[in-house]
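Novice: Questions regarding the structure given below will be posed in turn.
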Amino acid sequence: MNFVKKYNKLTQFLRNVVSGYTTNRCVGIDIDSSYIKMVELEQDSLIISNYAISKITANNIEIKSILIEHVASMLNYTWHSFNKRYDHAAIKILNSDIIIKELAVPAEISTLEINNYLRNILIQDLGIENIEFDYKIIKIEDRQQLAQVVIAKKEKLEESQILMELAGIKLAAIEVETFALENLFRILLKSNGITTSIWIVDIEHDYIRAYFITDSQVVYSDTIAVNYLNLTKNELEFLEHNNILKQIVADVNKLSQIINSNLMVHADIHFNKYNLYLMGTNSIFPGLQEEIIKGGFIETCRFIDELFPPQIAITSRSEFMQLVTAIALATWGHNFA
């Protein structure tokens, strides 16, 4: 689900619903609490032509407006230092910045009237007059339709817009992070001809998210909170390797059991051995692949960069893992038919 604000008016675009909606080719920009990451792709390709990773140094700034100005200044510097061909950018909002609801719509309501019908229901349910949302019809029956509605927190959209305006960057798209990644997964699996069921597990310092994918479509995903250090090469020598490794494996197994149970109950999918691909900053911990395979529920364990075409601009797996979300955002405006 994607949201774009232009000329101080918010307009929503849904990548998977709005037929023919396109943007200019974009630089993908992923901003978190520690880093600004930018990626530019070769035309209609998943080959990285250029990328940048800049550390945000704003540890002591507590006033939000000052923090936004500080990050915008760093973003502007990184953008103008970036040897780019594209002038527009796509950025993310987090899953926590949206609300997803399923609402019934009477079948007699026309396509042109659905938007106002849903808006009135949401205003009543949420008690908020100024709501920014988009929807898609996920089920049609004789007497009603079922709409999946995504409501964005307006302040987050405005905050993103202000940040980009202060940085002097043309904003083409704002996309929910997990939706951007799911679209990237579809592109990767189709380009590799993979139609069997697989897992993709994203291991970060504060969460693990797993995606169960069948026939290039994400069937189910779930997340658990964790509390790891950001395991860089310089830090590894100071850490108790075996204890951390055991904890990561235990958390991956815990999440797999949660998803296994939900798949059987809600989708009648019975768990079996599948191929797994690791991604995320902490996925490259030494020995992790081998230990996950020992758990018995995985046939093979690889890294997600193995699904990409050969890269020339970047050779470091640790840096590549930091860039996956930015790559997903950078697919905006490209044709991967």
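The values are calculated or read from the model by the stated rules, or taken from the named source; none is laboratory data. From a predicted model like this one, the values you see are computed outputs, not experimental measurements. No Cβ is skipped: glycine too gets one built from the backbone with ideal geometry, and neighbour counts run over all protein chains shown. These accessible areas exclude ligands, DNA and RNA; they are computed on the full protein's heavy atoms, side chains included. Shrake-Rupley method; radii C 1.70, N 1.55, O 1.52, S 1.80 Å.
Novice: Within a Cβ distance under 12 Å of ILE114, other residues only, what is the Lys/Arg minus Asp/Glu net charge?
Specialist: Net of charged neighbours comes to -1.
Novice: Considering the chain as a Gaussian network with a 10 Å cut-off on Cα pairs, which listed residue, LEU94, LEU255, LEU126, attains the greatest mean-square fluctuation?
Specialist: Its mean-square fluctuation being the largest, the pick is LEU126.
Novice: Tell me, what is the per residue accessible area of the chain in Å², probe radius 1.4 Å?
Specialist: Details: 17100 Å² over 337 residues.
Value for the chain: 51 Å² per residue.
Novice: Next question. Could you give the nm distance between label points at GLN217 and ASN95, where each point is 7 Å from its Cα heading toward the beta carbon?
Specialist: Placing both labels 7 Å beyond Cα along the Cβ direction yields 1.9 nm.
Novice: Here's something else I'd like to know. Which number comes out as Rg/Rh for region 81-195 once both Rg and the Kirkwood Rh are worked out on C-alpha atoms?
Specialist: 1.06
Novice: Additional query: Note down the accessible area of LYS156, probe 1.4 Å, to the nearest 10 Å².
Specialist: Per-residue accessible area (LYS156): approximately 60 Å².
Novice: Any idea what the dipole of the chain comes to, in debye rounded to 20, about its Cα centre with Lys/Arg Cβ at +1 and Asp/Glu Cβ at -1?
Specialist: 480
Novice: Further, regarding this structure: Quick one: which residues, 5 or more positions from SER49 or on another chain, have an amide H under 5 Å from its amide H? H modelled 1.01 Å from N in the peptide plane, none for Pro or chain starts.
Specialist: GLU40, LEU41, GLU42
Novice: Also, quick follow-up: Highest GNM mean-square fluctuation, the chain, Cα pairs closer than 10 Å: which of ASN243, ASN275, ASN262?
Specialist: ASN243
Novice: A further question on this structure: If R0 is 45 Å, what FRET efficiency do you get for ASN76 and LEU103 from their C-beta distance, rounded to 0.05?
Specialist: 0.65
Novice: Shifting gears a bit: Past the 24 Å Cα-Cα mark, which pairs from LYS101/LYS254; LYS136/LYS170; LYS64/LYS153; LYS154/LYS190; LYS92/LYS139?
Specialist: Beyond 24 Å between Cα atoms: LYS101/LYS254; LYS136/LYS170; LYS154/LYS190; LYS92/LYS139.
Novice: Let me ask something else. Given the options ILE162, ILE128, ILE224, state which has the largest fluctuation in a GNM of the chain using a 10 Å cut-off (strictly under) for Cα springs.
Specialist: Largest GNM mean-square fluctuation: ILE128.
Novice: Another question, then. Give me the percent of accessible area attributable to carbon and sulfur for the chain, probe 1.4 angstrom.
Specialist: On the way: 8080 of 17100 Å².
Ligands and nucleic acids excluded, carbon and sulfur give 47 percent.
Novice: Give, to the nearest whole percent, the P(r) tail of the chain beyond 30 angstrom, counting all Cα pairs.
Specialist: 41
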